[in-house]
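Colleague: Following this message is one structure expressed as structure tokens.
The values are calculated or read from the model by the stated rules, or taken from the named source; none is laboratory data. This structure is a prediction, so every number in the text was calculated from the model and none was measured. No Cβ is skipped: glycine too gets one built from the backbone with ideal geometry, and neighbour counts run over all protein chains shown.
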Amino acid sequence: MRLRNWIAVVVGVVLLAAAGGIGFWVNRSGLKAADDVHKADSRALAVNNGTLVGQLQMLSAAELGEFLNENPLHLGRGNASDRALLTAFAAKSSTFAYGAMLVGLDGKVINSSRTTGLPAAGNTGWKPLFASFQSGQKAGFSSIMAVDGTYLEAVGVPVMVGGSPAAILVGLNNVATTALQQYTVTLSSAVHLTAVADSTGTIAATNQEKLLGTQLDPAVRRAIAETDEEFVEYTTVAGTDMIAIVVRGLPGGWSYARIQTKKSFDGAVHTKSQTLNMTLGAMLLIGVLAMGVLGYRTQIQRRRADERFQALFQHAPDLVSVLNADGRIEYSSPSASAVLGFEEGRLVGSSVFDIVHPDHRDYMREQFTLLVSRRDAVLRLQCQVRSGTGDYRWFEFTASNQMHNPSLHGVVINARDISENRAFQERLAHEAQHDALTGLPNRRRMQDALGSSLRAEPVAVLFVDLDGFKPVNDVHGHEAGDELLRQVAERLSACVRERDVLARVGGDEFVVLMPGVMSPADTEAMTGRIRHALSLPFLIGGHQVQIGASVGVHHAPGATDPDEALRAADHAMYAVKKSRQGQPQPRAGRHRAAE
């Protein structure tokens with residue numbers, strides 16, 4: 001009897017040990033899968049933010065290139081004309097408001113919009129910028145340079161003369177006020193540090209503003225310089241285990257890093273896993289001491305494990321749904337309430353296409369039909385989804401065909417809200433094609449519209465140049481000039497037709513495109529409206545000022561080269577301006593408007 005009892009005990013212990021081992025293995029596998037998903041999501045977020053950083057850098061270089069295209073430079077040391085152009089550029093630029101300068105290929109300053117507060121020619125921060133040009137790149141970015149307590153970044157593009165670089169146009173950013181810093185501050189979190197660092201590891205943008213100009217942790221700097229690892233784990237001097245997600249290869253040798261404690265990164269998943277491991281260990285001990293309660297304890301533990309899984313699943317930030325073959329929702333995770341604002345269970349039984357934006361509905365039906373027709377197919381796409389409040393938000397979907405899976409028998413949908421990322425990307429695209437001062441399409445957007453229209457029909461091109469604008473700047477200052485340009489844009493917008501395109505193409509130059517118009521009568525009417533609208537007094541800073549406009553007109557037949565059509569309108573404008581030489585020109589008024 002005793003032997004049989006021992007045998008029963010041994011068998012029970014073996015079975016319990018086997019069950020415990022399986023539990024540990026399942027927990028470890030689940031933890032690994034959760035870690036893999038978490039790392040993949042964190043990596044994707046870091047890469048996306050790193051890409052946005054690179055785009056912002058290249059947009060700043062593109063602004064310098066546009067300045068060179070529109071403003072020929074003399075390149076003489078201290079040339080007054082060049083200095084005036086640099087000063088005007090810095091005053092109007094939201095990116096390089098700190099200043100702009102011309103430097104020679106030897107690093108010496110040729111000209112500058114400011115006389116003080118410039119980085120010294122021997123500053124080591126210049127090295128990455130000049131190294132970029134030596135390697136044949138078209139834009140260069142410096143390391144962070146401290147000047148009188150201000151941290152600066154220099155962005156440069158070569159000034160080409162005869163096909164070879166003759167000098168470098170440099171724009172200076174005060175990194176504390178850049179769009180990159182403003183965006184990074186929006187990522188503020190008590191859990192992690194977001195930082196964009198230059199090639200030396202100096203922080204150029206961060207969600208913790210007090211760290212601007214400081215150095216990244218030496219372990220992170222070494223990892224950036226010596227390894228290709230995306231996830232860098234290290235221990236601080238205080239003994240805290242940390243993890244950094246690093247994206248390298250940004251323009252100028254810059255990098256993006258998202259840093260937090262290992263504990264906060266691992267989060268609740270590891271905590272629950274450790275708790276489960278301890279519970280399983282306790283089960284083994286209890287099983288050895290009391291085999292009689294083995295079955296009961298196992299059942300209780302399994303139920304607790306299911307409850308823990310459900311708790312984690314309910315608080316997951318992603319939406320999980322299961323659809324039948326017709327696209328009706330058979331299951332929707334509780335997170336639908338927090339993310340979309342629908343009451344829990346309300347979406348069950350409805351068609352998923354009812355909450356998809358009408359513009360995307362046909363495409364989503366087509367993709368869903370294709371997915372259902374292919375076994376084990378996986379589809380990833382983006383579309384807008386209606387929330388419980390009626391507004392539409394952007395989501396990224398991963399759909400998996402699990403119709404053959406007896407446990408699911410449906411299409412599994414995982415969805416994540418990407419509205420903020422989409423809004424930021426759209427804002428970048430809008431800023432790249434619109435004038436920051438007036439909000440009108442810029443030269444690039446206008447040329448695209450002109451080329452597109454000329455492929456299908458004739459276009460009347462009106463080139464508008466303001467008369468008397470410079471005196472306004474001279475008398476009242478550049479801020480008054482900027483306000484005048486904004487009011488001019490509003491009046492011109494009121495003159496054009498619905499199909500017309502109005503763009504600001506230079507300092508005080510505007511272009512109106514009239515697709516489908518070849519009649520001189522139409523363009524004469526438009527010219528008259530423009531000249532009349534701009535001849536009326538403007539109220540600027542409490543003063544009335546008057547200006548005029550010279551309007552050049554060119555009727556471009558269909559299939560005309562867009563650049564040729566624009567040049568012809570420009571020449572026509574200059575001919576009008578020349579014909580009016582000697583006539584009284586508008587002057588900047590100094591009298592204050594009647595109150």
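Colleague: Mind checking whether some residue in the stretch 135-152 is surrounded by fewer than 20 Cβ atoms within 10 Å (Cβ to Cβ), on the phi < 0 side of the Ramachandran plot, among the small types (G, A, S) and under 19 Å from the mean Cα position of the chain (by Cα)?
Modeller: No, the stretch 135-152 has no match at all.
Colleague: Taking the condition of being out of contact with any Phe, Trp or Tyr (no Cβ under 9 Å at 6 or more places or on another chain) and more than 22 Å from L187 (Cβ to Cβ), how many residues in the stretch 230-270 meet it?
Modeller: Number satisfying all stated conditions: 6.
Colleague: A further question on this structure: So which residues in the stretch 518-557 are among the small types (G, A, S) and in contact with a strand residue (DSSP E or B) (Cβ under 8 Å, 6 or more places away or on another chain)?
Modeller: Once the filter is applied, which keeps residues that are among the small types (G, A, S) and in contact with a strand residue (DSSP E or B) (Cβ under 8 Å, 6 or more places away or on another chain), the stretch 518-557 yields S535, G542, G548, A549, S550, G552, A556.
Colleague: Considering only the stretch 167-185, how many residues are at pLDDT below 90 and either among the aromatic types (F, W, Y) or within 24 Å of G78 (Cβ to Cβ) (or both)?
Modeller: 1
Colleague: Pairs needed: first member in the stretch 201-222, under 18 Å from S189 (Cβ atoms); second member anywhere, assigned to a loop (DSSP other than H, G, I, E, B) and among the hydrophobic types (A, V, I, L, M, F, W, C); C-beta distance under 8 Å; at least 6 residues apart or different chains.
Modeller: I203/I144; I203/L212; I203/L216; A205/L212; T206/L212; N207/L187
Colleague: Now a separate question. Residues being in contact with a His (Cβ under 8 Å, 6 or more places away or on another chain), in a loop (DSSP other than H, G, I, E, B) and among the polar types (S, T, N, Q): count how many of those fall in the stretch 350-388.
Modeller: Residues flagged as in contact with a His (Cβ under 8 Å, 6 or more places away or on another chain), in a loop (DSSP other than H, G, I, E, B) and among the polar types (S, T, N, Q) within the stretch 350-388 amount to 0.
Colleague: Looking at the stretch 188-247, which of its residues are assigned to a loop (DSSP other than H, G, I, E, B), under 23 Å from the mean Cα position of the chain (by Cα), among the hydrophobic types (A, V, I, L, M, F, W, C) and over 17 Å from S143 (Cα atoms)?
Modeller: A190, V191
Colleague: Moving to a separate point now. Taking only the stretch 516-551 into account, find how many residues are over 21 Å from A494 (Cβ atoms) and of a type in the set (G, A, S).
Modeller: So the answer is 3.
Colleague: Let me ask something else about it. Among residues belonging to the stretch 486-510 that are part of a loop (DSSP other than H, G, I, E, B) and more than 15 Å from D467 (Cβ to Cβ), point out the one that is nearest to the chain's Cα centre (by Cα).
Modeller: V505
Colleague: Here's another thing I want to ask about it. Would the stretch 100-122 turn up any residue that is under 27 Å from the mean Cα position of the chain (by Cα) and crowded, with 16+ Cβ neighbours inside 10 Å?
Modeller: Checked the stretch 100-122: at least one residue is under 27 Å from the mean Cα position of the chain (by Cα) and crowded, with 16+ Cβ neighbours inside 10 Å.
Colleague: Got a number for residues in the stretch 34-53 being touching a helix residue (DSSP H, G or I) at 6+ places or on another chain (Cβ under 8 Å) and modelled with pLDDT of 85 or more?
Modeller: So the count comes out to 3.
Colleague: May I ask you to list pairs of residues, at least six apart or on different chains, whose Cβ atoms are under 9 Å apart, with the first in the stretch 466-479 being more than 21 Å from A90 (Cβ to Cβ) and touching a residue at least 40 places away in the same chain (Cβ under 8 Å) and the second being outside any helix (DSSP H, G or I) and of a type in the set (S, T, N, Q)?
Modeller: L466/S550; D467/S550; D467/Q585; G468/Q546; G468/Q585; P471/Q585
Colleague: Moving on to the next point. All but one of (1) under 23 Å from Q425 (Cα atoms); (2) crowded, with 20+ Cβ neighbours inside 10 Å hold for S188; which doesn't?
Modeller: All conditions are met except number (2).
Colleague: Picking from A219, A190, A204, A225, which residue would you name as being small (G, A, S) and within 28 Å of F96 (Cα to Cα)?
Modeller: None of the other options fit; the residue is A204.
Colleague: I'd like to verify a number: residues in the stretch 126-156 that are in contact with a Leu (Cβ under 9 Å, 6 or more places away or on another chain) and closer than 13 Å to L105 by Cβ, how many?
Modeller: Selection size over the stretch 126-156: 4.
Colleague: Now, a different point. Enumerate the pairs (first residue in the stretch 13-37 and under 21 Å from T398 (Cβ atoms); second residue anywhere and assigned to a helix (DSSP H, G or I)) with beta-carbon separation below 6 Å, excluding pairs fewer than 6 apart on the same chain, so at least 6 apart or on different chains.
Modeller: Short answer, once both residue conditions are applied: A34/V269.
Colleague: Kindly indicate which of I144, I168, I110 is touching a Pro at 6+ places or on another chain (Cβ under 9 Å), β-branched (V, I, T) and within 26 Å of G253 (Cβ to Cβ).
Modeller: I168
Colleague: Of the residues L31, L56, which is aliphatic (A, V, I, L, M), outside any strand (DSSP E or B) and modelled with pLDDT of 80 or more?
Modeller: The conditions single out L56.
Colleague: Mind listing just one residue for me: the one in the stretch 125-134 that is touching a Ser or Thr at 6+ places or on another chain (Cβ under 7 Å) and either of a type outside the set (A, V, I, L, M, F, W, C) or on the phi > 0 side of the Ramachandran plot (or both) and, of those, surrounded by the fewest Cβ atoms within 10 Å (Cβ to Cβ)?
Modeller: Checked the stretch 125-134; the qualifying residue surrounded by the fewest Cβ atoms within 10 Å (Cβ to Cβ) is P128.
Colleague: I'd like the full set of residues that are within 18 Å of L73 (Cβ to Cβ) and either in contact (Cβ under 8 Å) with a residue 40 or more places away in the chain or small (G, A, S) (or both), limited to the stretch 108-117.
Modeller: I110, S112, S113
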